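Below is one structure, written out as structure tokens, with a few remarks after it.
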Amino acid sequence: EDKVVQSPLSLVVHEGDTVTLNCSYEVTNFRSLLWYKQEKKAPTFLFMLTSSGIEKKSGRLSSILDKKELFSILNITATQTGDSAVYLCAVEQVGGGSQGNLIFGKGTKLSVKP
Amino acid sequence: NAGVTQTPKFRVLKTGQSMTLLCAQDMNHEYMYWYRQDPGMGLRLIHYSVGEGTTAKGEVPDGYNVSRLKKQNFLLGLESAAPSQTSVYFCASTRGTSGNRYEQYFGPGTRLTVT
């Protein structure tokens, strides 16, 4: 059975801390891995990772994929209260009857305290 | 450019009632998806469409039907609502998956309660 597992499920840190969120997967017909940030409403796109070992960065956020060990991490440095959200990891499937379908993990709820 | 919009934002139904959720996108995207999000379950794919006039089942399709009569619209129907369908429903769209890879853009969600 295809699955995406995120850890931890929730995390509380203080402003300025650095956090690492984990995502492991067992998915057939892997095409890419995506990270989304979900605050009150719609998930908003952060990164798409397709190749191992290539770090993607956007400001204080960065992410990397390991296709051999089947996991990805999302790092947030110098956290701010605005980083408080649920972070979703999803794996895109293509082929075998799937067409860009995303399999989501349950998310990591990050709370950043002032 | 409104992106992905969903109608309605909230709805309360009685068991056995029917309703249709509308998703619209103005980005000329080929692929559209309907997900449901439940506490502790993450997002799960209900149905999806790879183009106008096509639909396919996702992970949790039972109790739902969909139609894609126009490229920009993707409708999700509940013929006879059940309390187990209480959830937040998200629509998403993407340009396509052949060749280049594109992220999915999500709508703001519809909170549905079935009593």
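The values are calculated or read from the model by the stated rules, or taken from the named source; none is laboratory data. What you see is a predicted model, and the numbers here were worked out from it, not measured in a lab. Glycine also receives a Cβ, built like all others from the backbone with ideal geometry; neighbour counts cover every protein chain displayed. These accessible areas exclude ligands, DNA and RNA; they are computed on the full protein's heavy atoms, side chains included. Shrake-Rupley method; radii C 1.70, N 1.55, O 1.52, S 1.80 Å.
Here are the numbers for this structure:
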read-out: Selection status of residue B:17, farther than 30 Å from residue A:9 by Cα and more than 13 Å from chain A (Cβ to nearest Cβ); value: yes
read-out: Complete set of residues in the stretch B:12-51 that are in contact (Cβ under 8 Å) with a residue 40 or more places away in the chain, open to solvent by 10 Å² or more (accessible area, probe 1.4 Å) and more than 16 Å from the chain's Cα centre (by Cα); value: B:12, B:14, B:15, B:16, B:17, B:27, B:28
read-out: Test: residue in the stretch A:43-55 that is within 20 Å of residue B:36 (Cβ to Cβ), more than 15 Å from the chain's Cα centre (by Cα) and more than 9 Å from chain B (Cβ to nearest Cβ); value: no
read-out: Exclusive hit being closer than 18 Å to residue B:26 by Cβ and either open to solvent by less than 70 Å² (accessible area, probe 1.4 Å) or not hydrophobic (A, V, I, L, M, F, W, C) (or both), set B:89, B:64, B:105; value: B:105
read-out: Filter pass, residue A:32 being touching a Ser or Thr at 6+ places or on another chain (Cβ under 8 Å), closer than 17 Å to residue B:42 by Cα, within 12 Å of chain B (Cβ to nearest Cβ) and small (Gly, Ala, Ser); value: no
read-out: Restricting the stretch A:56-82 to residues that are exposed (fewer than 12 other Cβ atoms within 10 Å of the Cβ) and farther than 19 Å from residue A:3 by Cα, the residue that is farthest from the other protein chains (Cβ to nearest Cβ); value: A:78
read-out: Matching residues, the stretch B:52-83, being in contact (Cβ under 8 Å) with a residue 24 or more places away in the chain and of a type in the set (Gly, Ala, Ser); value: B:58, B:77, B:80, B:81, B:82
read-out: Filter result (of a type outside the set (D, E, K, R) and open to solvent by 30 Å² or more (accessible area, probe 1.4 Å)) within the stretch B:67-81; value: B:67, B:69, B:72, B:73, B:75, B:80
read-out: Count - residues of the stretch A:18-40 that are open to solvent by less than 60 Å² (accessible area, probe 1.4 Å) and in a loop (DSSP other than H, G, I, E, B); value: 1
read-out: Identity of the residue in the stretch A:83-114, away from chain B (no Cβ under 12 Å) and under 24 Å from residue B:92 (Cβ atoms), that ends up farthest from the chain's Cα centre (by Cα); value: A:96
read-out: Residue count for the stretch B:25-50, restricted to those that are more than 9 Å from chain A (Cβ to nearest Cβ) and at positive phi; value: 1
read-out: Residue count for the stretch B:9-33, restricted to those that are farther than 14 Å from residue B:105 by Cβ and either part of a loop (DSSP other than H, G, I, E, B) or of a type outside the set (D, E, K, R) (or both); value: 13
read-out: Search result, residues across the stretch A:1-57 that are basic (Lys, Arg) and either within 29 Å of residue B:111 (Cβ to Cβ) or without any contact (Cβ under 8 Å) to a residue 40 or more places away in the chain (or both); value: A:3, A:37, A:40, A:41, A:56, A:57
read-out: Scan of the stretch A:1-17 for residues that are closer than 23 Å to residue A:104 by Cβ and either open to solvent by 90 Å² or more (accessible area, probe 1.4 Å) or touching a Gly at 6+ places or on another chain (Cβ under 7 Å) (or both), ordered by number; value: A:1, A:3, A:4, A:5, A:6, A:9, A:12
